[in-house]
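Just so you know, all these numbers are worked out from the coordinates, no wet-lab data involved. All of these numbers come straight from a predicted model, not from anything done at the bench.
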Amino acid sequence: MMKSKRKEPFRYMFSSKTACTFEMTHINGKAVSAKPAEAAIVDISKSGCKLYTNLNLNASDNRIQLIVNLAIDGQIRQFPGSIRWQKQDGTSYYYGIQLDWTEAEKEQMLLDIRNLAVSRKIEVL
């Protein structure tokens with residue numbers, strides 16, 4: 001059996017769903033102008049995050065690009081990405097978001113996440 005070379009945890013889960021907003025920027029390749037919608041981030045990793053919202057975006061029928069806005073230590077961070085999957089939970093929905101970060105943005109986010117972990121606002125999975 002091969003030994004894993006992973007040095008970073010796979011996913012970080014917030015202690016409780018953390019409020020955020022998101023704005024759709026493109027649907028099926030067409031630019032759209034959408035108002036920010038309320039959501040919550042359930043977990044986050046270097047490559048993506050899981051959002052929870054009451055909105056049905058019909059992601060299985062559309063290619064949706066968006067920007068996720070999250071306040072971390074008083075600063076608003078914007079994460080561009082695209083919806084990869086949608087799962088209904090009663091009258092609410094979970095969305096898997098693939099984030100489109102540069103390497104510098106990934107490293108900054110890892111620093112932010114580590115700081116949240118130290119303050120016990122986030123749990124390492």
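From the list (i) 1.00; (ii) 1.08; (iii) 1.32, can you say which value of Cα Rg over 2.2 N^0.38 Å was derived from the structure given?
(ii)
Keeping to pairs on different chains or 8 or more places apart, tell me how many lysine pairs in the chain have Cα atoms under 13 Å apart.
Values: 7/46; 17/50; 17/121; 46/106; 50/87.
The result is 5.
Using the alpha-carbon atoms, what tilt in degrees (0 to 90, nearest 10) does helix 103-118 show relative to the longest principal axis of the chain?
Roughly 70 degrees between the two axes.
Given 0.36 nm per residue, what is the gain on full extension from residue 60 to residue 103 after removing their alpha carbon distance, in nm?
That works out to 12.6 nm of additional length.
Can you tell me how much longer the chain between residue 17 and residue 92 gets when fully stretched, taken as 0.36 nm per residue apart minus their C-alpha distance, in nm with one decimal?
Details: separation 75, 0.36 × 75 = 27.00 nm, distance 1.35 nm.
Here the segment from residue 17 to residue 92 would lengthen by 25.7 nm.
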